[in-house]
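Visitor: Quick one: this structure, given as structure tokens, is what I'll be asking you about.
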Amino acid sequence: MTIGVGGSTALEELKKLQNMTLDIKPITLDEYQARINHAQALMREHNIGALYINAGTNLTYFTGMQWGASERMVGALLPANGELSYIAPHFEEDTIAGFLVLQAPIVTWQEHQSPYDLCIDMLAKSDINRGDIAVDESCSFFLADGLIQAANARGLALNFISSKTITAGCRMHKSLVEIALLQRAKDMTMEVHKAVAKILRVGISTVEVTNFIHQAHLRVGAAKGSYFCIVLFGQDTAFPHGVKAPKCLEVDDMVLIDTGCLVEGYNSDITRSYVFGEANEAQRKVWQHEKDAQAAAFNAATLGATCESVDISARALLAAEGYGPDYQLPGLPHRTGHGIGLDIHEWPYLVRGDKTPLAIGMCFSNEPMLCIPGQFGVRLEDHFYMNEQGAKWFTKPSYSIDDPFGLEA
């Protein structure tokens with residue numbers, strides 16, 4: 001039997017887990033203000049008059065306010081030169097005031113009024129009547145279209161563009177505090193991975209495993225439990241994001257578990273693949289190729305190298321082993337990795353075509369998954385960040401197919 005897999009119960013493993021969040025340090029008001037200042041500097045550099053930040057993770061990043069996007073405009077307007085203001089429905093004003101972290105005026109609109117006209121009025125009060133206005137790239141089309149129509153109705157020469165230059169320009173470079181929060185989230189999920197491996201038994205369902213993972217994340221301090229969870233056995237592991245009717249566990253099945261949690265809004269996202277029982281020759285071969293591809297990607301991640309070069313390095317190693325080419329199966333059907341932070345998938349991406357230079361503070365998943373249709377798949381997903389010396393792992397990669405968690409290493 002694979003070391004660290006099976007032999008225990010859910011109750012026993014949950015009892016061993018402890019809250020790991022008691023000493024975390026949240027983002028400070030000074031850091032939120034520094035983010036605002038950085039955004040404004042980027043806006044001035046690119047001749048952008050103002051930034052509309054919609055409810056969601058961009059609003060959280062710049063202000064600390066956690067509010068979900070809906071059909072009503074809730075967000076903030078940030079001029080390149082001037083003070084931040086929030087925009088919200090009038091009936092939500094008192095509620096939103098309770099959610100504010102970075103304090104600023106709340107400008108409201110009644111239900112029969114146009115929030116887009118209100119936003120244009122706010123721009124006018126800042127003497128912004130022409131030029132580029134950045135609109136949160138994550139917001140729905142109707143919001144951007146509403147702003148365009150409101151400006152056109154007044155004959156204003158405002159040009160609404162994507163905010164990616166500003167939002168990604170700020171968010172893809174994590175601070176030490178952000179990296180510490182990401183580190184803790186990943187440490188927590190690694191403990192959950194070790195615990196869930198021990199409760200596996202013949203006949204266990206993916207639902208039972210998923211429920212345990214949620215409870216385990218709660219035990220280690222994730223306030224909302226699992227942020228997401230993918231559990232797959234046997235042939236189902238060849239499908240990166242699962243199947244409609246997942247099978248129960250059988251002896252010698254490949255196991256794929258991909259899960260994560262949130263710490264102060266920052267994500268973990270870790271996958272482990274191993275065999276429940278004894279690995280056969282094919283499983284060993286593919287598992288090792290996956291580990292080697294992950295190592296090749298990590299070794300290619302040097303300061304100044306392009307994001308795409310990391311993907312190219314992993315894919316080249318796999319092609320030399322007979323996989324692919326490119327995205328063909330058997331092989332690696334998706335990008336090698338993604339940025340991570342307040343969003344589980346964010347810029348930049350480790351994929352061909354992304355020529356962003358790797359720089360200090362960038363954080364990525366490293367997961368060049370191998371899919372063998374009709375047989376099984378292997379995904380080993382860990383994360384790394386860029387510091388002054390280059391790439392540094394958040395979590396140690398899986399040790400071996402026989403001892404995936406390095407318990408006897």
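The values are calculated or read from the model by the stated rules, or taken from the named source; none is laboratory data. Just so it is clear, the structure is predicted and the values come from calculations on it, not from any experiment. Cβ: placed from backbone, ideal geometry, glycine included. Neighbour counts: every protein chain shown. Calculation scope for accessible area: heavy atoms of the full protein, side chains included, ligands and nucleic acids excluded. Shrake-Rupley method; radii C 1.70, N 1.55, O 1.52, S 1.80 Å.
Visitor: How large is the accessible surface per residue of the chain, computed with a 1.4 Å probe and reported in Å² as a whole number?
Guide: So the chain comes to 42 Å² accessible per residue, rounded to a whole number.
Visitor: Take the Cα radius of gyration of segment 164-286 and divide it by 2.2 N^0.38 Å, with N its residue count; two decimals is plenty.
Guide: In units of the globular-protein estimate, segment 164-286 measures up at 1.19.
Visitor: Apply 1/(1 + (r/R0)^6) to the Cβ-Cβ distance of ALA316 and ILE161, taking R0 = 35 Å, and write down the FRET efficiency to the nearest 0.05.
Guide: Working from the Cβ atoms, E equals 0.45.
Visitor: Sort segment 8-164 into rounded, prolate or oblate with this rule: let a ≥ b ≥ c be the square roots of the eigenvalues of the Cα gyration tensor; rounded if a/c is under 1.5, and if a/c is not under 1.5, prolate when a/b is larger than b/c, oblate otherwise.
Guide: In terms of gyration-tensor shape, prolate.
Visitor: GNM on the chain, C-alpha springs below 10 Å: top fluctuator among ALA97, ALA185, ALA168?
Guide: ALA97
Visitor: Shifting gears a bit: So, by mean Cβ neighbours within 10 angstrom, what's the order for 291-297, 88-94 with the highest one leading?
Guide: Ranked by mean Cβ neighbours within 10 Å, highest first: 291-297, 88-94.
Visitor: A follow-up question, please. Enumerate the amide H contacts of ALA305 below 5 Å, restricted to partners 5 or more residues apart or on another chain; note that Pro and chain-start residues carry no placed amide H.
Guide: The answer is LEU358.
Visitor: When you count, for each residue, the other Cβ atoms within 10 Å and take the mean per peptide, how do 144-157, 190-203 rank with the highest first?
Guide: Ranking, from highest mean packing down: 190-203, 144-157.
Visitor: Could you look at the chain and say what percent of its accessible area is carbon and sulfur, using a 1.4 Å probe and all protein chains?
Guide: 52
Visitor: If you don't mind, there's one more thing I want to ask. Residue by residue through segment 253-269, which ³J(HN,Hα) values in whole Hz follow from phi under the Karplus form 6.51 cos²θ - 1.76 cosθ + 1.60 (θ = phi - 60°), with glycine and proline marked x?
Guide: 6, 6, 10, 10, 10, 10, 8, x, 9, 10, 10, 6, x, 8, 8, 10, 6
Visitor: Only Cα pairs under 8 Å and at least 6 apart count here; give the relative contact order of the chain as a rounded whole percent.
Guide: It comes to 16 percent, rounded to a whole number.
Visitor: Place a +1 charge on the Cβ of each Lys and Arg in segment 289-396 and a -1 charge on the Cβ of each Asp and Glu, then give the dipole magnitude about the Cα centre in debye, rounded to the nearest 20.
Guide: It works out to roughly 100 debye.
Visitor: Ok, one more. Suppose every K and R has +1 on its Cβ and every D and E has -1 on its Cβ; what is the size of the dipole of the chain about the Cα centre, in Debye to the nearest 20?
Guide: 260
Visitor: Give me log10 I(q)/I(0) at q = 0.14, 0.26 Å⁻¹ for segment 61-113, Debye formula, one equal scatterer per alpha-carbon, no solvent.
Guide: Taking Cα atoms of segment 61-113 as identical point scatterers yields -0.34, -1.13.
Visitor: Here is a follow-up. Lys/Arg Cβ at +1, Asp/Glu Cβ at -1, dipole of segment 249-362 taken about the Cα centre: which of GLY341, SER313, VAL251 is farthest positive-ward?
Guide: Farthest towards the positive end: SER313.
Visitor: Along segment 82-99, what does the Karplus equation 6.51 cos²θ - 1.76 cosθ + 1.60 (θ = phi - 60°) give for ³J(HN,Hα), rounded to whole Hz, x for Gly and Pro?
Guide: x, 9, 5, 9, 8, 10, 7, x, 4, 6, 9, 4, 5, 5, 5, 4, x, 9
Visitor: Which whole number in µm²/s is D for segment 1-85 by Stokes-Einstein, with the Kirkwood Rh taken over Cα pairs at 25 °C and 0.890 mPa s?
Guide: Roughly 149 µm²/s, to the nearest whole number.
Visitor: I would also like to ask the following. Please list the equivalent ellipsoid semi-axes of the chain, computed as the square roots of five times the alpha-carbon gyration tensor eigenvalues, in descending order and whole angstrom.
Guide: 43, 24, 19
Visitor: How many nm is it between the label spots at ILE24 and SER175, if each spot is 7 Å from the Cα in line with the beta carbon?
Guide: Placing both labels 7 Å beyond Cα along the Cβ direction yields 1.6 nm.
Visitor: If you count, for each residue, the other Cβ atoms within 10 Å and average over each peptide, how do 327-335, 244-252 line up from highest to lowest?
Guide: 327-335, 244-252
Visitor: How large is ³J(HN,Hα) for each residue in segment 270-276, as worked out from phi by the Karplus curve 6.51 cos²θ - 1.76 cosθ + 1.60 (θ = phi - 60°), to whole Hz, x for Gly and Pro?
Guide: Rounded to whole hertz, the list is 10, 10, 10, 10, 7, 9, 8.
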